[in-house]
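K.L.:
The structure under discussion is supplied below as structure tokens; questions concerning it will follow.
Values quoted throughout were computed directly from the atomic coordinates according to the rules given, and no laboratory measurement underlies them. As the structure is a prediction and not an experimental result, all values here were calculated from the model. Neighbour counts run over all protein chains shown; Cβ positions are idealised from the backbone, glycine included.
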Amino acid sequence: MDMFQKTIEAFKISLDFEYDFIFRISNSNFINKEELHKLLLDKPRRKYLGGTFHNKFIQGCGFAITKDMVELLVKNNTKD
């Protein structure tokens, strides 16, 4: 299973939980949870995907995504 499919599977499981954001990181990063919390305080709770973008693709150490966007990704997974 590639990283995309692993992420989609984790997102499917996450739909059973209540949350505003998921922050998906790569496995070699450390996240300062307090700073991340501060960063997300003023972000919208719907239709939000935040991270570093390059040529329409997200890249870097991780990204924040709202639950409605997770639902959209799971629903429209084209690799099934």
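K.L.:
Extending each Cα 7 Å along its Cβ direction at residue 25 and residue 5, get the distance between those two points in nm, one decimal.
P.N.:
Placing both labels 7 Å beyond Cα along the Cβ direction yields 2.7 nm.
K.L.:
Another question, then. What nm value, rounded to one decimal, do you get for the distance between residue 32 and residue 48 when each label is placed 7 Å out toward the C-beta?
P.N.:
Reported label-point gap for residue 32 and residue 48 is 1.9 nm.
K.L.:
With Cβ to Cβ distances under 14 Å as the rule, what net charge do the other residues near residue 71 carry (K, R +1; D, E -1)?
P.N.:
Numbers: positive: 12, 45, 46, 47, 67, 75; negative: 16, 18, 20, 68.
Local charge sum for residue 71: +2.
K.L.:
Set Lys and Arg Cβ to +1 and Asp and Glu Cβ to -1, take the dipole of the chain about its Cα centre, and tell me which of 74, 19, 30 lies farthest positive.
P.N.:
Farthest along the dipole direction, towards plus: 74.
K.L.:
Over the stretch 2-80, what is the relative contact order in whole percent, taking alpha-carbon pairs under 8 Å and six or more residues apart?
P.N.:
On the way: 69 pairs, mean separation 32.4, N = 79.
Relative contact order for the stretch 2-80 comes out at 41 percent.
K.L.:
Net charge within 10 Å of residue 11 by Cβ-Cβ distance, Lys/Arg positive one each and Asp/Glu negative one each, not counting residue 11 itself? Present the calculation step by step, with values, prior to reporting the outcome.
P.N.:
Numbers: positive: 6, 12, 24, 67; negative: 9, 71.
Charge balance in the 10 Å sphere: +2.
K.L.:
So how far apart, in nm, are the two label points at residue 12 and residue 72 if each is 7 Å from Cα heading toward Cβ?
P.N.:
2.1 nm
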